[in-house]
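A.B. asks: The structure under discussion is supplied below as structure tokens; questions concerning it will follow.
The values are calculated or read from the model by the stated rules, or taken from the named source; none is laboratory data. Quantities reported herein were computed from a predicted structural model and do not represent experimental measurements. As a convention, Cβ positions derive from the backbone with ideal geometry for all residues, glycine included, and neighbour counts pool all protein chains shown. Accessible surface areas use protein heavy atoms only, side chains included; no ligands, DNA or RNA. Shrake-Rupley method; radii C 1.70, N 1.55, O 1.52, S 1.80 Å.
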Amino acid sequence: MLIKALCDYYDYKNEKKPSTIPDGYDVQPVSWQVHLTENGEISSINDYRNEVEIFQETKNRDGTITKKLKKIKKVPKEISLPERTQKTAVCSNIIEHRPLYLFGLNYFDGKLTPDDKTEKAKKSHDDFVKKNLEFFQDLNSPICVAYRKFIENWVPVQQTENQYLLALGKEYANSYFCFVLDSDITKSPQEDAAFMEKYQKQLLENKKNSVSEDVYTAICPILGEKLPAARIHDKIKFPGGNSSGCVLVGMKESAYESYGKTQSYNSSISEIAMKKYTTAFNHLVNDLHHRAIINDMVFVFFALEYNDTKECDLFSQFFKEAPKSNDDRVLEEIIKKIKTGISVDYSALDIHDTVEFYVAGFTPNSSRICQKFMIKDSFGKIMENMTQHQIDMMTAGNEQGMIGFGKIAKELISPKSTKDSVPPPLMTGIIHAASNGDFYPQELLATVIQRVKTDHNEEKNHFIKMNFTRIGIIKACINRKYRKIKNKEEIKMALNLEEKSTAYRCGRLFAVLEKIQQDSAQGKLNTTIVDGYFSSACSKPATVFPKLELSNHHLKKLEEKSVKFYKRLLGEIMSEMGTFFPIVLSLEDQGRFILGYYQQNQSLYTSNNNISVDKENHYGKCN
């Protein structure tokens, strides 16, 4: 299904524009342009990258947006080169771009050296010299002669002090190179007429040789035609994977072979389909408009149309930890409309809500790419489900704030941890539930409750244990389950005085007892009952609350009006509970306890830690 979608995407992207890449060529990002004299000597190495302006947007008080240039980023320029090799072993291309092959030098600690333990630099350069001298020996155009002389005259051991390469510093090893003639920079080897004529003849010869061999043909499951099958699938430059690339389809070991079909013949995917899906996948996974990365997972999304940039830019806002772009503000307006029952006119945004939209998640595994999930639906339907996810996450005080998946992932990890990441199955379940409107995984609720119970607030950060995101997750998990089962929502956005759940009221009670303790101490309290008893009270109320009969002692230290207020508040909470405290709370009830505690706190405190409710009005509610 994924490969078929990628092939369709390739067709959509190429239906309105002729292919600028002829058969036998690949697009390669290049950072540096090497200028050669007619004798093949390097006269200079120039920066070949494009400059892209990165702006920072600031929302003003009047709602306008101010753009400020943040930085200028240099991006490699893409050029067309003869088809690149897919082999991981030493194997040179005709016209190389990789520094190790071209120059035979490694860069270590500010120095260039041809030496390394495996002699890879020497082997790579020798292979480049042999293959390219053989190809260029009878080409006599000025650029081809200069390129051949460069290859003949370049001796790595004599170039360890080369000023042009040393000037590149650390960028040398991770950059790619192209060549031009210094006297005419429009002349490059790959664009030379004599070179292209010989290269095309070689391609035709290779094709004839492959036809004469026993070519395995099969019904392609993607195109539905009997076509030559791809024996080896092209590699994907996958974030986090091998630097040489990863494969989505590949069977290297004999243990995976069946019915005598070796390697990727097992899949029966045709050479044509393979080229389409790998080209499309490489484009998507390396394009910021179509990709998001959270921990170890890479998410790819695309719409089956010629230009899907606006759909993808809007959808990508859901993945950011703290969205701040104009698309985020557009998304906030969409969420507001859907929440109030107003239909969204996507056409006004030049977006097609009926277009087929795909979301897929992947992780790298050695040299392979593991697909974790894929979701397919109309863009409008997926947006509706994702918006409902945001509405479910809303809490009092954060009615409009977007909570991206990056922020959710961050809150599922201990703030003191530097290496932990959300397990891919859990991240998959979260995205799947949000995109399809399904139940959230039970592990999500268990993880966030564990974080609330075990993390500790710090003196300079009082919102580690409980914040908008963690409370929003708990509320969303409980409400979505009851909406789908009983067609109703159980937890409100703010404190619900009518909620009769014993777990919820236990949480409220714990919050009030803590506030009484703090008020009686008049700011001289170093630790509260939350520090010592919260986790136990949340799990086993019956073992903790009988020990907390300290409210009368603390109340004696308060003013009469505060005593009256707290007694009535305690009475209102206990009215539905009596003297009964649950021995053990289930996972969902622990969530209700946390929500009750948090929402009661929200009504008792302002940012200045003063009682925020009007006591007389609250008395009326209690009555």
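A.B. asks: Full extension from T454 to E559: what is 0.36 nm times the residue separation minus their Cα-Cα distance, to one decimal in nm?
C.D. replies: 34.3 nm
A.B. asks: In degrees from 0 to 90, rounded to the nearest 10, what is the angle of the helix 442-454 Cα long axis to the longest principal axis of the chain?
C.D. replies: The answer is roughly 70 degrees.
A.B. asks: Ok, one more. Given the protein chains as shown and a 1.4 Å probe, how many square angstrom of E333 are accessible, to the nearest 10?
C.D. replies: Spelled out: E333, probe radius 1.4 Å, area about 90 Å².
A.B. asks: Bin width 5 Å, alpha-carbon pairs only: give the P(r) of the range 82-166 as whole percents, running from 0 to the bin holding the largest distance.
C.D. replies: 3, 15, 24, 24, 18, 12, 4, 1, 0
A.B. asks: Beyond 23 Å, what share of the Cα-Cα pairs of the range 297-387 is found? Please give it as a whole percent. Kindly include the intermediate steps, with their values, before the conclusion.
C.D. replies: Numbers: 1108 of 4095 pairs.
Distances greater than 23 Å cover 27 percent of the Cα pairs.
A.B. asks: I'd like the FRET efficiency for S366 and S421, computed as 1/(1 + (r/R0)^6) with the beta carbon distance as r and R0 of 22 Å, rounded to 0.05. It would help to have the intermediate numbers written out before the result.
C.D. replies: On the way: r = 18 Å, r/R0 = 0.82.
Given R0 = 22 Å and the Cβ-Cβ separation, E is 0.75.
A.B. asks: Of the GluC sites (Glu not before Pro) in the range 164-223, which ones lie in a loop per DSSP and count no more than 16 other C-beta atoms within 10 Å? Kindly include the intermediate steps, with their values, before the conclusion.
C.D. replies: Working: sites: E171, E191, E197, E205, E213; in loops: E213.
In loop regions of the range 164-223 (DSSP not H, G, I, E or B), the sparsely surrounded GluC sites (Glu not before Pro) are E213.
A.B. asks: Can you list, largest first and rounded to whole Å, the semi-axes you get for the range 118-161 by taking the square root of 5 times each eigenvalue of its Cα gyration tensor?
C.D. replies: On the way: eigenvalues 95, 35, 6 Å².
Values for the range 118-161, descending: 22, 13, 5 Å.
A.B. asks: Follow-up question, since we're still on this one. What does the net charge come to around N295 if you take all other residues with beta carbon closer than 11 Å to its beta carbon, with K and R at +1 and D and E at -1? Display every interim value, and only then the final one.
C.D. replies: Numbers: positive: K410, K419; negative: D296, D420.
Residues near N295 contribute 0 overall.
A.B. asks: Only one of the values (1) 103, 56, 53; (2) 123, 58, 50; (3) 75, 55, 50 was calculated from this structure for Cα extents along the principal axes in Å; name its label.
C.D. replies: (1)
A.B. asks: Which three extents, in whole angstrom, do the alpha-carbon atoms of the range 355-420 cover along their principal axes, largest first?
C.D. replies: Projected onto its principal axes, the Cα set of the range 355-420 covers 46, 43, 11 Å.
A.B. asks: Now, a different point. Less than 12 Å Cβ to Cβ from D126, Lys/Arg counted +1 and Asp/Glu -1: what total charge do the surrounding residues give? Show your work: numbers first, answer last.
C.D. replies: Values: positive: K120, K122, K123, K130, K131; negative: E119, D127.
Summing Lys and Arg as +1 and Asp and Glu as -1 gives +3.
A.B. asks: Moving to a separate point now. What percent do you get for the relative contact order of the chain when only Cα pairs under 8 Å and 6+ apart count? Walk me through the numbers on the way to the answer.
C.D. replies: Details: 962 pairs, mean separation 57.2, N = 623.
Taking the mean separation of contacting Cα pairs over the length of the chain, I get 9 percent.
A.B. asks: Among the listed pairs K416/K465; K73/K372; K226/K376; K488/K515; K131/K187; K67/K465, which have their C-alpha atoms separated by more than 24 angstrom in this model?
C.D. replies: Values: K416/K465 12 Å; K73/K372 33 Å; K226/K376 28 Å; K488/K515 32 Å; K131/K187 22 Å; K67/K465 35 Å.
Distance filter (> 24 Å) returns K73/K372; K226/K376; K488/K515; K67/K465.
A.B. asks: For the range 84-238, I need the span (max minus min coordinate) of the C-alpha atoms along each principal axis, in Å, sorted largest to smallest.
C.D. replies: 56, 37, 24
A.B. asks: Give me the 1.4 Å probe accessible area per residue for the chain, excluding ligands and nucleic acids, in Å².
C.D. replies: On the way: 32040 Å² over 623 residues.
Value for the chain: 51 Å² per residue.
A.B. asks: Ignoring ligands, DNA and RNA, what percent of the 1.4 Å accessible area of the chain is carbon and sulfur? Intermediate results must be reported in sequence, preceding the final value.
C.D. replies: On the way: 15400 of 32040 Å².
Carbon and sulfur: 48 percent of the exposed surface of the chain.
A.B. asks: Also: Once you have the Cα-Cα distance between R483 and V75, take 0.36 nm times their residue separation minus that, and quote the gain in nm to one decimal. Mind showing how you got there, number by number?
C.D. replies: Details: separation 408, 0.36 × 408 = 146.88 nm, distance 4.80 nm.
Taking 0.36 nm per residue and subtracting the Cα distance, the gain is 142.1 nm.
A.B. asks: Now a separate question. How big, in percent, is the set of alpha carbon pairs in the range 428-547 lying more than 26 Å apart? Write out the running numbers ahead of the final one.
C.D. replies: Working: 2039 of 7140 pairs.
I get 29 percent for the Cα pairs in the range 428-547 exceeding 26 Å.
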